Amino acid sequence: MKIESFKGYYGFLSNFSKYPTAYEGVLYPTSEHAYQAAKSLDTEIRKKFLESDSPRDAKKLGQIIERRRDWESIKYEIMKKILFDKFNRHYDISQKLLATGTAELIEGNTWHDNIWGNCTCDRCYDIEGKNMLGKALMEVRDSIQFQNIFEG
């Protein structure tokens, strides 16, 4: 089974979903805010993400700031840390994540993101996205299942 869209019932999987998430001791309004803030090591720049009105605004800000030098090599691990916090912080959605079982999670989109997702627009139909967000979510799901075995 595949879950190919993080909308509707599966909207909780999206980084734009409104679940406060912490990164390095700071609680951000969404996992998108936290991820974008992590692109900088400057605490003053990170504070600007707390002031972003929406995940979309945080994403826009994250596209114009100067990124830390090691960003490309660490961004996937940072995303996993952020997602792990999101799902451990919010029991209701951790249970929904676990309920996806072994389904392949695919961040289907139409905005040409073939790194974190898989774009299905006419322009990208023949490109298979890397689906890094879906893969990170599946790793977090596996970690929570593993954690539950030892706590349960």
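The values are calculated or read from the model by the stated rules, or taken from the named source; none is laboratory data. The shown structure was predicted, so the numbers you read here are calculated from the model rather than taken from an experiment. FYI the Cβ positions are ideal-geometry reconstructions off the backbone, even for glycines, and counts take in every protein chain you see.
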Going through segment 37-50 one residue at a time, which ones are of a type in the set (Asp, Glu) and either in a helix (DSSP H, G or I) or at pLDDT below 95 (or both)? Glu44
Give the residue, chosen from Lys86, Lys130, that is basic (Lys, Arg) and either assigned to a helix (DSSP H, G or I) or more than 16 Å from the chain's Cα centre (by Cα) (or both). Lys86
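Per-residue answers, yes or no, for (1) without any contact (Cβ under 8 Å) to a residue 60 or more places away in the chain; (2) touching a Phe, Trp or Tyr at 6+ places or on another chain (Cβ under 6 Å):
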{"position": "Glu104", "(1), (2)": "no, no"}
{"position": "Thr110", "(1), (2)": "yes, no"}
{"position": "Tyr125", "(1), (2)": "yes, no"}
{"position": "Leu133", "(1), (2)": "no, yes"}
Tell me which residues, restricted to segment 1-27, are outside any loop (DSSP other than H, G, I, E, B) and at positive phi. Gly8
Just to check your reading of the model, which residue among Gly62, Gly11 is surrounded by fewer than 16 Cβ atoms within 10 Å (Cβ to Cβ) and small (Gly, Ala, Ser)? Gly11
Single unsatisfied condition, Arg67 versus (1) at pLDDT 95 or above; (2) within 14 Å of Gly134 (Cα to Cα); (3) surrounded by 14 or more Cβ atoms within 10 Å (Cβ to Cβ): (2)
